[in-house]
1. Given the criteria of a type in the set (Phe, Trp, Tyr), within 16 Å of the ligand (Cβ to nearest atom), in contact with a Phe, Trp or Tyr (Cβ under 9 Å, 6 or more places away or on another chain) and within 23 Å of residue 326 (Cα to Cα), does residue 429 qualify?
2. Does residue 451 fit the bill of being touching a residue at least 40 places away in the same chain (Cβ under 8 Å) and away from the ligand (no atom under 15 Å from the Cβ)?
3. Scan the stretch 196-231 residue by residue and report those that are loosely packed, with under 15 Cβ neighbours inside 10 Å and under 30 Å from residue 303 (Cβ atoms).
4. Which residues, taken from the stretch 425-456, are of a type outside the set (A, V, I, L, M, F, W, C), under 18 Å from residue 331 (Cα atoms) and part of a loop (DSSP other than H, G, I, E, B)?
5. Pick from the stretch 153-169 the residues that are in contact with a Phe, Trp or Tyr (Cβ under 9 Å, 6 or more places away or on another chain) and in a loop (DSSP other than H, G, I, E, B): which of them is nearest to the ligand (Cβ to nearest atom)?
6. Based on what the data block shows, is residue 23 assigned to a loop (DSSP other than H, G, I, E, B) and crowded, with 21+ Cβ neighbours inside 10 Å?
7. Of all the residues that make up the stretch 320-335, how many are more than 19 Å from the chain's Cα centre (by Cα) and either within 16 Å of the ligand (Cβ to nearest atom) or closer than 12 Å to residue 361 by Cβ (or both)?
8. Taking the stated definitions as given, is residue 188 assigned to a helix (DSSP H, G or I) and within 28 Å of residue 242 (Cα to Cα)?
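The values are calculated or read from the model by the stated rules, or taken from the named source; none is laboratory data. As the structure is a computational prediction, the values presented were derived from the model and not from experiment. Here the Cβ is made from the backbone with ideal geometry for all residues, glycine too, and neighbour counts use every protein chain on show.
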Amino acid sequence: MIKFPEHFMWGAATSAPQSEGYSLSYGKSPSTWDKWFEMQPDKFNSDQGPDTASDTYRLYREDVENMQKIGLNSFRTSIAWTRLMPDGKHVNQVAVDFYRDYFKRLRDADITPIINLFHFDMPWWLMEKGGWETRESVDAFAFYAKTAFELFGDLVDRWTTFNEPIVHIECGYLTGYHYPDIVDFKKAVQVGYHTLMAHTAAIAEFRKVKPDGQIGIILNITPAYAKSDAPEDLMAKQNADLLLAKSFLDPTVLGVIPEELINLLTKHELLPMTKKGDRQLIADHCVDFIGVNYYQPMRVQAPENPKFPAQTPEDLYANYIWPERKINPYRGWEIYPEALYDVAMMMKNDYHNIPWYVSENGMGVADEERFMGEDGQIQDDYRIEFMQEHLTQLHRAIEAGSSCFGYHTWTFNDCWSWLDGYRNRYGFYCVDLDHEVKRTMKKSGRWYRELSENNGF
Ligand code: BG6
């Protein structure tokens with residue numbers, strides 16, 4: 001039997017925009033997702049916009065009871081900035097009441113809430129001013145963060161600033177999966193820099209408002225694996241690691257922006273505008289812990305005909321398909337649990353063994369109804385196997401001394417996911433959109449309860 005350390009956190013994660021629904025009701029103002037859906041609904045799978053979430057805003061009481069049924073002792077969600085502060089200045093009391101009751105119920109059920117501040121949901125009023133492209137966004141975010149810490153700090157001890165900051169940068173400014181859907185490497189870097197400074201400013205507020213609390217950031221981290229030992233492939237790996245992992249890991253954990261990253265950005269004329277004193281602020285505001293979202297590895301090779309200076313990241317590293325890869329046939333992503341061990345050891349060896357947890361890991365499945373058993377329950381043995389394989393690697397790393405304190409899956413209820421709507425399902429509970437978003441536990445929910453009760457499997 002594989003046993004995990006005492007007090008290990010067993011949980012699941014979701015986000016406000018993907019679970020709450022009522023995206024323009026109860027005083028909430030639009031985020032970029034609401035506006036984008038209004039402008040270009042056909043971009044969204046099956047016309048499913050942000051309002052088609054899993055109705056947690058209405059059903060959170062039942063959801064907390066369901067969390068208990070599958071043995072969760074911790075849970076992450078986010079606050080919707082646009083619900084809490086619709087104009088960025090004033091607090092929406094209806095939202096305060098909702099979040100306070102939600103967080104209190106979690107605590108009363110012995111489920112530790114981990115609350116995140118930003119999960120890709122940029123307020124429209126701020127986007128109209130340039131969003132993360134402008135320095136103003138840093139102050140706006142710091143004010144929102146401070147307000148949230150003051151309003152909910154008595155109920156929430158563990159906070160995170162951003163979920164996967166690389167994603168809103170890459171998808172919004174390079175690959176077209178997020179608004180504003182443009183390709184501009186220089187702007188992408190500037191957006192990244194302001195996101196980092198917004199994170200730093202939020203930590204500064206946190207230390208004042210809640211000195212006894214813990215704050216971190218959620219990063220999607222995968223060490224890049226090079227196609228070969230050829231210097232060009234290794235250079236591609238180094239570039240990918242610098243841009244996608246170290247760009248946030250080093251400043252948030254070690255308090256420094258890596259010199260190699262600065263050199264790379266300088267060489268390609270991509271350096272962002274900064275302010276005097278920023279470096280010191282970064283150095284003075286490191287995180288207490290890290291959340292690592294891990295789904296699939298990253299495999300890279302040297303780009304074939306790179307432009308100089310680089311116009312997109314593909315001029316610095318190219319993706320490569322490993323012929324021996326095992327694939328999740330229902331989502332198309334590679335399954336490689338060994339990378340979780342590598343990340344865990346990277347935390348130990350390169351990041352002074354900072355406390356960290358797996359903040360997302362999971363198996364997405366399209367058209368999951370096909371696995372419905374006669375008893376009406378989804379028989380998701382593939383998901384149980386996926387978790388077992390990843391937990392085995394995680395356990396190996398913990399035995400080797402990595403300071404991992406928990407494992408959260410993506411996700412608790414099946415939920416809406418950006419342009420893909422409900423295409424890929426990940427939950428422990430199936431959500432029936434045709435029957436009043438009724439929740440039905442999948443086989444994996446029962447397995448997770450046993451896992452948490454036995455603290456292992
Ligand atoms: C993570 C995000 O990257 O992956 C979630 O934090 C997202 O918001 C999850 O839903 C799964 O990805 P997808 O695209 O299959 O929903």
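1. no
2. Values: touching a residue at least 40 places away in the same chain (Cβ under 8 Å): yes; away from the ligand (no atom under 15 Å from the Cβ): yes.
Yes; evaluated as a whole, the condition is true for this residue.
3. Answer for the stretch 196-231, where residues must be loosely packed, with under 15 Cβ neighbours inside 10 Å and under 30 Å from residue 303 (Cβ atoms): 228, 229, 230, 231.
4. Passing the criteria: 426, 427.
5. Among them, the one singled out is 164.
6. It is true that residue 23 is assigned to a loop (DSSP other than H, G, I, E, B) and crowded, with 21+ Cβ neighbours inside 10 Å.
7. Within the stretch 320-335, the subset more than 19 Å from the chain's Cα centre (by Cα) is 320-330, 332.
Retained after the next criterion (residues that are either within 16 Å of the ligand (Cβ to nearest atom) or closer than 12 Å to residue 361 by Cβ (or both)): 327-330, 332.
Number satisfying all stated conditions: 5.
8. Yes; evaluated as a whole, the condition is true for this residue.
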